[in-house]
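A short worksheet on the structure shown next.
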Amino acid sequence: MTNILRPAAVATAIICVLGATTRAADKTELAFTFENERKSAYDLSVNLEVTAGALKDGRREESKTTTDMTMTMNVTENVPEEGATNLAVTFDELKLTQKIAAPAGEINVEVAGTDVVVKRGGTALIDTKKNVGKDLAGGLLAQFAFVGKEGTLTVGKAGALSGVDGPDEFTRFMDADLKSGLFVLRTPVEAIGVGESWNVERQISKLRGLDLGNSPITTKTTFKLEGVEVVNDKKIATVSVKSELADNLDLTAKGVGGAFDGQTVQIEEVERGATGTIEFNVDDGFVVSSTLDVNLKVKVTVTVDKQEVTTTLSGTAKMEAKRK
């Protein structure tokens, strides 16, 4: 009986080993790879639709802003012998269109490089090409002063953006507009199979107009490997993204800029969800493209001149990046 069972046991063991090897081969290792002085460029597009309303003295005012912005992000990788990788980043080729619908009327804004056109009701208030309101254009262009100024992003092995350094204009833009959307991928610790997922928690300490440093918002993001295929002799992984808020209670913030600058802001309600798709070059270790759709709703209360003012902010953002 022992001699009869022994070959069967050996065969079973071989089948199990082969099965385990096959399963291991089916898994894909997703890992960022950086090369010193490697240069790349990404086409970026950002679409924002934001509705803001304020209730004061029983009167409510509301405005809606729609913004479409495109630009190029140039990246140079710096890999030290020790420590984290630094990315030297500059932005150029800025183009922006914006429509603001407010109680005072509708305003349309166009920015292309240093050229600015602002119209209200069809009448040009600023048109730098025609030397109209040129002295007023400076304040508007100050919002985009990050263009052409180099900053440094510190990136960990899993893709986490751990630091933003550089001129104030650069750091403000990254913290408020791009930090939470552009570098969204966090690679898993181990190789992953198609259909498998992994979770990452991160904190958002800044939103446009709000500094949440004392009580950051915690988000939970689920990544899922949807598939792997060979494109132009490169293995490309497709990863889906779904993000939601973890429990966030008793949130406060400091107003940054605008009427609430420096004021303590009580966040009564906050909702944020995001979904997206990332294409990742497995062989060379970088993001090929990413798309992220974000929905945000915030209700805050601040005391101004001994009166409570309640402001609601809701909107959507779509951020896309594609490597050239």
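Each reported figure results from applying straightforward, stated rules to the coordinates on display, with no laboratory input. None of the values given here were measured: they were computed from a predicted structure. Ideal geometry is used to build each Cβ from the backbone, glycine not excepted, and the neighbour counts take in all protein chains shown.
Quick notes on this one:
- In this simple spin-label approximation, Lys99 and Asn214 carry label points 7 Å from Cα along the Cα→Cβ vector, and these lie 4.0 nm apart.
- Backbone N under 15 Å from the Thr114 label point (7 Å along Cα→Cβ), restricted to the stretch 79-95: 93-94
- Take every pair of alpha-carbon atoms less than 8 Å apart whose residues are at least six positions apart; their mean separation over the length of the stretch 31-323 yields a relative contact order of 16 percent.
- Computed over the stretch 115-155: relative contact order in percent, which uses C-alpha pairs under 8 Å that are six or more apart: 24 percent
- For the stretch 225-308, the Kirkwood estimate of the hydrodynamic radius, built from every pair of different alpha carbons, is 16.2 Å.
- Whole-number D in µm²/s for the stretch 31-323 (Stokes-Einstein; Kirkwood sum over Cα pairs; 37 °C, 0.692 mPa s): 157 µm²/s
- The stretch 41-85 - Rg over Rh from alpha carbon coordinates, Kirkwood radius: 1.38
- Stokes-Einstein diffusion for the stretch 44-186, with the hydrodynamic radius set to the Kirkwood value over Cα pairs and evaluated at 4 °C in a medium of 1.567 mPa s, equals 75 µm²/s.
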